Amino acid sequence: MIPIVVCTVGSRSLSVMQTSVRTYNPDVNLMIFEGFMGNFGDDYNAAMEVAFRDYDEIIIANDDIVLTPNSYERLVEDVEFLNNRFPRSVGLVAARSDYVRQNQSIANGIEPNIIKSPAVSPLFSWISKEAFSKAQFPPINWFSDDVICKDLNKFGYQHFVSRSYIHHVGSQTMGMDFDKNIEAPKEWIRTNRPEYFKEWYEQN
């Protein structure tokens with residue numbers, strides 16, 4: 001079975017997430033790591049490197065989500081379908097949610113089908129060891145998911161929103177000051193991904 005890898009900071013919502021996994025998917029290996037590097041990217045990269053020592057594919061998950069009875073199974077089913085249809089070019093396959101970026105949000109009335117997306121937020125998301133060997137998360141919080149998705153696009157990987165659904169409590173680690181969150185990675189992106197900087201910070 002594909003393990004679920006969680007990197008938590010302070011374990012604010014972790015107990016609820018753990019309970020949902022134990023209730024609905026008790027046989028799945030839930031690998032929990034404590035973040036200590038100060039940003040989402042470095043923390044998850046370190047956790048994923050450990051997990052990929054033993055697995056060729058993993059599901060990364062936030063500590064502030066709650067699984068439903070079929071969240072895991074639907075994600076795994078969709079990944080299997082996509083890998084058969086697009087061999088060796090599937091990047092991230094992420095669950096939809098009630099508190100997430102627009103293209104994954106159930107609030108928009110998206111039909112419960114698999115959809116291709118230029119970027120996804122990995123609240124509960126499959127990724128392969130092969131894809132991770134090509135691109136990792138940058139050492140930032142906000143926009144870390146966009147950067148890895150765009151970086152993987154350059155290697156020919158495609159990203160998808162799954163039929164899977166999870167409830168997301170929402171920004172328990174980074175806080176709700178969205179202006180501050182968006183501003184924080186600005187200089188790193190300007191220096192390291194100037195082509196992305198123009199799209200995210202210079203558009204009117």
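The values are calculated or read from the model by the stated rules, or taken from the named source; none is laboratory data. Worth saying up front: this structure is predicted, and the values here are computed from it rather than measured. With ideal geometry, Cβ positions are generated from the backbone for all residues, glycine too; neighbour counts draw on all protein chains shown.
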Pull up the stretch 32-43, narrow it to residues that are within 11 Å of THR8 (Cβ to Cβ) and either part of a strand (DSSP E or B) or among the aromatic types (Phe, Trp, Tyr) (or both), then point me to the one that is farthest from the chain's Cα centre (by Cα).
PHE36
Can you give me the ranges of the strands (runs of 3 or more DSSP E) entirely in the stretch 48-97 with at least 2 residues that are more than 22 Å from ILE148 (Cα to Cα)?
65-67
(1) within 26 Å of PRO185 (Cβ to Cβ); (2) modelled with pLDDT of 95 or more; (3) polar (S, T, N, Q) all hold for ASN84 apart from (1)
Output the residue which, of all residues in the stretch 106-126 that are over 14 Å from the mean Cα position of the chain (by Cα) and small (Gly, Ala, Ser), is surrounded by the fewest Cβ atoms within 10 Å (Cβ to Cβ).
GLY109
If a residue must be among the hydrophobic types (A, V, I, L, M, F, W, C), modelled with pLDDT under 85 and surrounded by 13 or more Cβ atoms within 10 Å (Cβ to Cβ), how many such residues does the stretch 145-187 contain?
4
Report, ordered by the first and then the second residue, all pairs with beta carbons closer than 7 Å, sequence separation of six or more or different chains, a first member in the stretch 32-46 that is hydrophobic (A, V, I, L, M, F, W, C), and a second member that is part of a loop (DSSP other than H, G, I, E, B) and at pLDDT 90 or above.
PHE40/PHE137
Check whether at least one residue in the stretch 188-202 is over 30 Å from VAL21 (Cα atoms), in contact with a Phe, Trp or Tyr (Cβ under 7 Å, 6 or more places away or on another chain), at pLDDT below 90 and surrounded by 15 or more Cβ atoms within 10 Å (Cβ to Cβ), and report yes or no.
yes
Which residue pairs have Cβ atoms closer than 8 Å, lie 6 or more positions apart in sequence or on different chains, and pair a first residue in the stretch 111-128 that is within 25 Å of VAL28 (Cα to Cα) and modelled with pLDDT of 95 or more with a second residue that is acidic (Asp, Glu) and assigned to a loop (DSSP other than H, G, I, E, B)?
SER128/ASP56
Scanning the stretch 21-42 for residues that are aliphatic (A, V, I, L, M) and touching a Pro at 6+ places or on another chain (Cβ under 9 Å), the one nearest to PRO138 (Cα to Cα) turns out to be MET37
Can you tell which of GLU80, GLU49, GLU73, GLU34 is surrounded by fewer than 20 Cβ atoms within 10 Å (Cβ to Cβ) and touching a Cys at 6+ places or on another chain (Cβ under 8 Å)?
GLU34
Within the stretch 87-99, residues being of a type in the set (Ser, Thr, Tyr), modelled with pLDDT of 85 or more and either more than 19 Å from LYS129 (Cα to Cα) or under 16 Å from the mean Cα position of the chain (by Cα) (or both) number 1
Check GLN102 against each of (1) modelled with pLDDT under 95; (2) of a type outside the set (A, V, I, L, M); (3) closer than 25 Å to LYS134 by Cα and name the one condition it does not meet.
(3)
